[in-house]
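Everything below concerns the one structure shown next.
The values are calculated or read from the model by the stated rules, or taken from the named source; none is laboratory data. None of these values were measured; they are calculated from a predicted model. Note that each Cβ is placed from the backbone with ideal geometry, even for glycine, and that neighbours are counted across all protein chains shown. Surface accessibility is based on the protein's heavy atoms, side chains included, excluding ligands, DNA and RNA. Shrake-Rupley method; radii C 1.70, N 1.55, O 1.52, S 1.80 Å.
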Amino acid sequence: GDSVTQMEGPVTLSEEAFLTINCTYTATGYPSLFWYVQYPGEGLQLLLKATKADDKGSNKGFEATYRKETTSFHLEKGSVQVSDSAVYFCALSDRADSWGKFQFGAGTQVVVTP
Amino acid sequence: DAGITQSPRHKVTETGTPVTLRCHQTENHRYMYWYRQDPGHGLRLIHYSYGVKDTDKGEVSDGYSVSRSKTEDFLLTLESATSSQTSVYFCAISEISGRALDTQYFGPGTRLTVL
């Protein structure tokens, strides 16, 4: 079945550093891919998404490109801020498998220090 | 922000008592979900619904039941709460877009403590 694997955290880095969170997936069909962010005490919020191969999603300085050849959707940000400290989840939805469900990665905690 | 509310937001209850959590949406989305989130386990799907009166089990459905009598409301019931059901519960909604499900929108969560 479909699955999502993302790098384990916590990831700790200094303000203005470059952030990469790796995400790879397995899917039987042509999934849509998502990154969600969860701040402490809150629900998950959509950060960005991509619905087909080579699409790039972007929002708030974050970017991720849908790479079908490497089945990846890595999240990047060029210069993080303390306010980016949160847990980030990679997810997919795939019509061909588990119709009606999303698959989530385990989440990666990011801690940005001043 | 998507119009999703959850009630109650916090609840403390005792082992063996029934508990019902409510999710209400104003987006008219067909799909609704209940997840639980626990440290070290990420998000786990409990039940989901793909229409009024149409529901299906997720990966951790034991001990939980759901009902959806209206498009806008999705209820999660713990028939006899146990301490292992202490968790944060999230409701989510989604709709079909083209060939796949589109973005899931999440509610603010309900923190449930079973003593």
Next item on the list: Show B:S83, A:S72 ordered by accessible area, largest first, where the area counts protein heavy atoms only and the probe is 1.4 Å.
Entry: B:S83, A:S72
Margin query: From the convex hull of the Cα coordinates of chain A, what is the mean projected area in square nanometres?
Written below: 6.6 nm²
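If eta is 1.306 mPa s and T is 10 °C, what Stokes-Einstein diffusion coefficient results for the range A:33-81, Kirkwood Rh from Cα pairs, in µm²/s? Working shown, then result.
Working: Rh = 11.4 Å.
This corresponds to a translational diffusion coefficient of 139 µm²/s.
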Notebook entry, point to check: In square angstrom, rounded to the nearest 10, how much accessible surface does A:E15 have for a 1.4 Å probe?
Noted result: 70 Å²
Next item on the list: Indicate the gyration tensor shape class of the range A:64-114 (rounded, prolate or oblate), computed on the Cα atoms with a ≥ b ≥ c the square roots of the eigenvalues: a/c under 1.5 is rounded; otherwise a/b larger than b/c is prolate and the rest oblate.
Entry: oblate
Note to self: Quick one: the Cα spread of the range B:1-85 along its three principal axes, in angstroms, biggest first?
What the structure shows: 34, 25, 23
Note to self: For B:H47, what residues show an amide H to amide H distance below 5 Å, using hydrogens built from the backbone and excluding near sequence neighbours?
What the structure shows: B:W34, B:G58
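Order B:R44, B:R36, B:R9 by their accessible area, 1.4 angstrom probe, all chains in place, largest first. Intermediate results must be reported in sequence, preceding the final value.
On the way: B:R44 50, B:R36 20, B:R9 105 Å².
If we order B:R44, B:R36, B:R9 from most to least accessible, we get B:R9, B:R44, B:R36.
Starting from the Kirkwood Rh over alpha-carbon pairs, what translational D in µm² s⁻¹ does the range B:42-89 have by Stokes-Einstein at 10 °C and 1.306 mPa s? Walk me through the numbers before you get to the answer.
Numbers: Rh = 11.5 Å.
For the chosen part, D equals 138 µm²/s.
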Next item on the list: Could you pull the accessible area for A:T65 with a 1.4 Å probe, rounded to 10 Å²?
Entry: 30 Å²
Check: At a probe radius of 1.4 Å, what is the per-residue accessible area of A:T70, in Å² to the nearest 10?
Finding: 80 Å²
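With r as the distance between the Cβ atoms of B:T71 and B:K11 and R0 = 22 Å, compute the FRET efficiency 1/(1 + (r/R0)^6) and round to 0.05. The partial results should precede the final answer.
Numbers: r = 25 Å, r/R0 = 1.13.
The computed FRET efficiency comes out at 0.30.
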Margin query: Just to confirm, what accessible area per residue do you get for chain A at 1.4 Å probe, in whole Å²?
Written below: 47 Å²
Next item on the list: Give me the Debye-computed log₁₀ of I(q)/I(0) at q = 0.14, 0.20, 0.24, 0.28 Å⁻¹ for the range A:1-68, equal point scatterers on Cα only, no solvent, two decimals.
Entry: -0.50, -1.00, -1.31, -1.45
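With 32 Å as the limit, write out which pairs from A:K52/A:K77; A:K49/B:K70; A:K49/B:K11 have Cα-Cα distances beyond it, or answer none. List each step's numbers first, then the result.
Values: A:K52/A:K77 21 Å; A:K49/B:K70 29 Å; A:K49/B:K11 34 Å.
Checking Cα-Cα distances, A:K49/B:K11 exceed 32 Å.
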Next item on the list: Using every Cα-Cα pair within the protein assembly as shown, state what percent have a distance larger than 28 Å.
Entry: 31 percent
Note to self: Only bridges whose two residues both fall in the protein assembly as shown count here: according to DSSP, what percent of them are antiparallel, nearest 5?
What the structure shows: 90 percent
